[in-house]
Amino acid sequence: CTSVGCQSPDQSGHGSAGTIGATSDLNPSAGFKVADTFSPTTSGTVSNICWWGFYLDFSGPTDCGISGPGTGDDFTIEYYADDADGYSPGTLLGGPFNVISSVAPTGDIIGGNGLIEYKYSASHKPINVEAGQCYWISIYNNTTESCFWLWETAPGGDERSAQDNEGWNSNDYDMAFCVDIDISLDGCGAYTGAC
């Protein structure tokens with residue numbers, strides 16, 4: 001099944017502030033994770049996902065690249081219901097899934113400041129989703145040393161995400177990711193980023 005519903009990355013940044021990404025990394029010097037919403041247009045299961053991001057050495061600040069995050073990538077994916085306050089994830093529905101991700105540079109530069117964009121993909125145990133329901137997905141890394149991972153922003157959607165820093169706080173931008181919704185052994189569904 002190929003990716004059929006996406007919030008594609010926005011290399012120029014979101015909004016008047018030009019937000020290019022959000023730290024979503026449990027690095028001891030960061031400690032944040034980010035979640036974004038999605039709403040399936042068909043019922044099925046989700047087990048394959050892709051997303052975009054980049055690395056930044058905050059001691060620089062400079063691009064530290066794929067070889068920079070200390071002991072390397074260590075991604076986790078979680079799914080939540082939208083049953084809290086409407087501005088943050090609610091009940092945990094799936095995960096945490098510690099995933100082995102594939103990663104490759106896209107060839108794009110983010111924000112005009114030399115930051116290299118990377119695309120990631122991974123699979124995990126299937127979770128059930130229903131058409132028309134709103135869900136939250138959290139993708140976060142667990143790097144070491146001074147190189148952190150940031151989840152890249154995307155245009156469109158409902159511009160509602162949340163960052164967990166000792167409690168979820170609402171943000172007004174979307175994150176760049178795709179989910180595959182399997183509706184049969186050989187078919188795919190789709191999703192829209194707006195809830």
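The values are calculated or read from the model by the stated rules, or taken from the named source; none is laboratory data. Quick caveat: nothing in here was measured; it's all calculated off a predicted structure. Backbone-built Cβ (ideal geometry, glycine too); neighbour counts: all protein chains shown. The accessibility values were calculated without ligands, DNA or RNA, using every heavy atom of the protein model including side chains. Shrake-Rupley method; radii C 1.70, N 1.55, O 1.52, S 1.80 Å.
In debye, nearest 20, what is the charge dipole magnitude of the chain about its Cα centre with +1 on Lys and Arg Cβ and -1 on Asp and Glu Cβ, if you could check?
That gives the chain a dipole magnitude of about 240 debye.
Compactness of the stretch 76-123, taken as the C-alpha radius of gyration over 2.2 N^0.38 Å, stands at 1.62. Rolling a 1.4 Å probe over the heavy atoms of the protein chains gives the chain an accessible area of 42 Å² per residue. Taking a point 7 Å out from the Cα of residue 103 in the direction of its Cβ, the residues of the stretch 29-63 whose backbone N falls within less than 12 Å of it are 52-57. Residue by residue, the stretch 24-38 carries 3J(HN,Hα) couplings of 10, 8, 8, 3, x, 8, 10, x, 10, 9, 10, 10, 9, 9, 8 Hz when phi is fed to the Karplus relation 6.51 cos²θ - 1.76 cosθ + 1.60 (θ = phi - 60°); x denotes Gly or Pro. Taking 151, 168, 52 in turn, the Gaussian network model of the chain (Cα-Cα springs below 10 Å) assigns the largest fluctuation to 168.
Between 120, 41, 135, the Cα set farthest toward the positive side of the dipole of the chain (charges on each charged residue's Cβ, about the Cα centre) is that of 120.
Cα-based values for the stretch 1-109, radius of gyration first and Dmax second, are 15.6, 45 Å. Working note: Cα gyration tensor of the chain, eigenvalues times five, square-rooted, sorted largest first, giving semi-axes of 25, 17, 16 Å. In this calculation the C-beta distance from residue 45 to residue 17 is compared with R0 = 45 Å, giving a FRET efficiency of 0.75.
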